[in-house]
């Protein structure tokens with residue numbers, strides 16, 4: 001019998017591959033002391049006559065920032081210790097306690113914005129004039145003014161806040177059904193062995209070289225979702241109605257407008273993304289045609305979209321090798337940037353390897369007063385090298401923002417959150433392509449790049465279009481049923497993929513398994529962020545120093561201006577379709593190159 005390879009215990013991972021959370025707190029006792037200090041601060045906020053004078057206004061805003069900074073540090077320490085090994089009861093408890101305290105902090109500070117909204121602009125101007133330190137909060141005040149018509153009275157805000165758990169119920173129910181109660185059947189793997197289909201294995205099966213395995217997994221998954229189609233339709237319908245309810249009661253014209261308003265994004269940006277991607281659907285069709293030829297298939301099905309086109313590549317990238325490759329790829333960002341990356345390597349910002357109980361996946365996270373951290377589960381594959389570059393992009397964005405912005409403006413918006421990470425990936429890809437000497441390696445890299453485009457720009461835009469349809473249907477008085485969802489979703493797949501791919505009827509149920517649909521109008525940010533990043537990476541490679549100076553300024557800006565303005569300063573105007581068009585022109589060029597390398601005529 002072959003030996004089963006077991007995961008290492010946390011204690012078996014060498015210290016040089018573990019992050020150093022003692023930079024946050026040297027001990028749990030220190031954490032406890034700060035936890036108590038934060039609890040003691042909360043009553044103080046409620047004793048201050050908030051709008052009595054400029055001095056009291058400043059005192060409340062500074063105290064709010066102090067609470068936020070302390071809460072962030074406490075939360076990050078507890079959660080990251082838990083992520084090291086989720087079975088450790090001590091850190092489960094710390095995480096639970098800080099989550100409860102976070103809710104209390106949110107409740108105690110909830111009076112600030114409604115009272116500022118109710119304050120006459122003339123009176124606020126007097127308060128600011130009396131205390132020069134309040135100038136720091138001018139953007140904060142400007143944002144309140146911009147959203148003034150959508151902020152309700154204090155009583156109404158309390159009432160809407162109290163409905164939060166009710167509004168989240170649909171997402172909670174979906175999560176329990178999708179993750180706990182829904183049981184998938186078994187299928188036969190490549191060797192004819194019965195294997196339980198799980199969500200984790202589903203993607204692996206779709207990447208199988210054997211089409212029968214891909215087909216069986218696809219059909220088994222969606223047959224299971226179809227059994228619960230009416231329940232999934234009810235949960236998604238309830239989620240959409242909740243978003244429409246909040247938008248209407250906050251006096252927005254639509255749920256789409258309400259969702260985009262927090263980032264100050266005009267609806268035309270959303271619409272332009274969809275329209276521009278539609279113009280490039282012929283490029284997606286050509287890629288599908290190339291995929292069909294390279295896989296030597298008579299028909300290309302939707303379950304054939306994920307299997308790698310190039311498999312004759314030996315993937316083995318030891319972690320130290322990956323570190324050096326990433327540094328070389330990021331050379332266009334300049335020596336100062338590379339110095340900070342080396343610091344992250346040397347000073348244990350990164351938790352590298354998988355161990356028993358460790359949280360899966362990868363992320364970059366941190367707090368204002370301490371350097372960022374990166375969690376990996378490194379497996380020495382090509383994709384892991386890109387993941388290191390990606391998460392380092394997030395970490396450096398936070399690092400630069402924290403260095404150059406006050407706490408109140410250090411946290412950047414979600415609309416720009418994926419830009420820095422994707423710029424890093426794009427620069428790494430261009431470096432690897434420029435230095436590739438093996439034709440199969442080059443083809444594999446291009447395949448990876450094309451799949452990033454397909455999954456992030458085309459697929460997420462299709463999701464965004466679906467979201468727009470379902471919210472508009474409710475706003476126009478229509479009813480969302482399982483049949484309606486499936487009909488619209490199938491039609492979108494026909495539009496995006498149907499020219500060269502068999503649109504298997506099972507795909508009509510895919511809407512039922514997308515958790516992002518419970519966070520309305522979120523996924524479009526993946527597509528816009530990716531497009532902006534591709535455009536910026538091309539500028540960095542072609543222009544050199546001027547583009548680098550603009551880009552580093554962007555990384556340093558945090559939330560000092562609206563996301564669209566920050567991206568304009570970096571060199572891309574997302575109110576224009578041009579960055580999306582430029583990104584998809586790169587996609588088109590890559591399709592042509594892969595066809596030429598593969599000696600395939602399209």
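The values are calculated or read from the model by the stated rules, or taken from the named source; none is laboratory data. Bear in mind that the values here come from a model prediction, so they are computed numbers and not experimental data. Please note: Cβ atoms are built from the backbone with ideal geometry, for glycine as well, and neighbour counts cover all protein chains shown.
Here are the numbers:
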| item | result |
| --- | --- |
| Hey, residue 26 at pLDDT 95 or above, in a loop (DSSP other than H, G, I, E, B) and surrounded by fewer than 16 Cβ atoms within 10 Å (Cβ to Cβ) or not | yes |
| Index of the failed condition, residue 596 passing every other in (1) surrounded by 15 or more Cβ atoms within 10 Å (Cβ to Cβ); (2) in a helix (DSSP H, G or I) | (1) |
| Where residue 16 falls short, out of the listed (1) surrounded by fewer than 16 Cβ atoms within 10 Å (Cβ to Cβ); (2) at pLDDT 95 or above; (3) within 30 Å of residue 138 (Cα to Cα) | (3) |
| Residue within segment 102-113 that is in contact (Cβ under 8 Å) with a residue 12 or more places away in the chain, within 26 Å of the chain's Cα centre (by Cα) and under 30 Å from residue 377 (Cα atoms) present | yes |
| Wholly within segment 409-503, helices (runs of 4 or more DSSP H) carrying at least 1 residues that are surrounded by fewer than 20 Cβ atoms within 10 Å (Cβ to Cβ) and out of contact with any helix residue (DSSP H, G or I) (no Cβ under 9 Å at 6 or more places or on another chain) | 419-434, 439-453, 482-497 |
| Odd one out for residue 267 among (1) closer than 30 Å to residue 556 by Cβ; (2) touching a residue at least 40 places away in the same chain (Cβ under 8 Å); (3) under 23 Å from the mean Cα position of the chain (by Cα) | (2) |
| Among (1) part of a helix (DSSP H, G or I); (2) in contact (Cβ under 8 Å) with a residue 60 or more places away in the chain - the single one residue 87 does not satisfy | (1) |
| Enumeration of residues in segment 329-376 that are assigned to a loop (DSSP other than H, G, I, E, B), out of contact with any helix residue (DSSP H, G or I) (no Cβ under 6 Å at 6 or more places or on another chain) and without any contact (Cβ under 8 Å) to a residue 40 or more places away in the chain | 360, 361, 376 |
| Segment 347-367, residues that are farther than 23 Å from residue 423 by Cα and buried (at least 17 other Cβ atoms within 10 Å of the Cβ) | 348, 353, 355, 358, 359 |
| Of all residues in segment 232-263 being in contact (Cβ under 8 Å) with a residue 24 or more places away in the chain and farther than 18 Å from residue 168 by Cβ, the one that is surrounded by the fewest Cβ atoms within 10 Å (Cβ to Cβ) | 251 |
| Test for residue 67: is it farther than 27 Å from residue 27 by Cβ and in contact with a helix residue (DSSP H, G or I) (Cβ under 8 Å, 6 or more places away or on another chain) | no |
| Criterion (at negative phi and under 23 Å from the mean Cα position of the chain (by Cα)) met by exactly one of 330, 309, 290, 281 | 330 |
| Residue among 66, 52 that alone is assigned to a helix (DSSP H, G or I) and either under 24 Å from residue 162 (Cβ atoms) or free of Cβ contacts under 8 Å to residues at least 60 places away in the same chain (or both) | 66 |
| Residue count for segment 167-197, restricted to those that are without any contact (Cβ under 8 Å) to a residue 60 or more places away in the chain and either part of a helix (DSSP H, G or I) or exposed (fewer than 12 other Cβ atoms within 10 Å of the Cβ) (or both) | 13 |
| Residue, nearest to residue 237 (Cα to Cα), within segment 126-163, restricted to residues that are surrounded by 12 or more Cβ atoms within 10 Å (Cβ to Cβ) and out of contact with any helix residue (DSSP H, G or I) (no Cβ under 9 Å at 6 or more places or on another chain) | 159 |
| Count of segment 368-385 residues which are more than 18 Å from residue 18 (Cβ to Cβ), buried (at least 16 other Cβ atoms within 10 Å of the Cβ) and at pLDDT 95 or above | 2 |
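Yes or no, residue by residue, for (1) in a helix (DSSP H, G or I); (2) in contact with a strand residue (DSSP E or B) (Cβ under 6 Å, 6 or more places away or on another chain); (3) more than 29 Å from residue 411 (Cβ to Cβ):
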| residue | (1), (2), (3) |
| --- | --- |
| 237 | yes, no, yes |
| 240 | yes, no, no |
| 253 | no, no, no |
| 256 | yes, no, no |
| 260 | yes, no, no |
| 284 | yes, no, yes |
| 288 | yes, no, yes |
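Let's see how each residue does on (1) surrounded by fewer than 18 Cβ atoms within 10 Å (Cβ to Cβ); (2) outside any loop (DSSP other than H, G, I, E, B):
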site: 521; (1), (2): no, no
site: 526; (1), (2): no, yes
site: 546; (1), (2): yes, yes
site: 558; (1), (2): no, no
site: 569; (1), (2): yes, yes
site: 580; (1), (2): no, yes
site: 589; (1), (2): yes, yes
